[in-house]
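Every read-out reported here was derived from the displayed coordinates using simple, explicitly stated rules and does not represent laboratory data. Model, not experiment: these values are computed from the prediction. For neighbour counting, all protein chains shown are included, and Cβ atoms are generated from backbone atoms with ideal geometry for every residue, glycine included.
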Amino acid sequence: VERRIRPWINKKIVEYIGEEEPTLTEFICSKVLSGSPPKSILDDVSMVLDEEAEVFVVKMWRLLIYETEAKKIGLVK
């Protein structure tokens, strides 16, 4: 999460709201690490990201799945 997911989340937040938001990045990362379901994360970020929230969560979930599977088969260390 630290190497791949956090930088991606930070980059996307900057794209969506125009500036870094470390508190929001930390909040989303903590939700991911605690195993929160995508719907819960979507509900939480929709207030800030508005109509981009669903696209953000779907893309983040795809990245999480990719990273998890890549690690399982040894593509990522």
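Observations, loosely collected:
- 1 or more residues touching a residue at least 40 places away in the same chain (Cβ under 8 Å): qualifying helices (runs of 4 or more DSSP H) within the range 1-63: 5-17
- Among residues of the range 49-77, those that are loosely packed, with under 12 Cβ neighbours inside 10 Å and touching a helix residue (DSSP H, G or I) at 6+ places or on another chain (Cβ under 6 Å), counted: 0
- Selection status of Ser30, small (Gly, Ala, Ser), within 12 Å of the chain's Cα centre (by Cα) and surrounded by fewer than 17 Cβ atoms within 10 Å (Cβ to Cβ): yes
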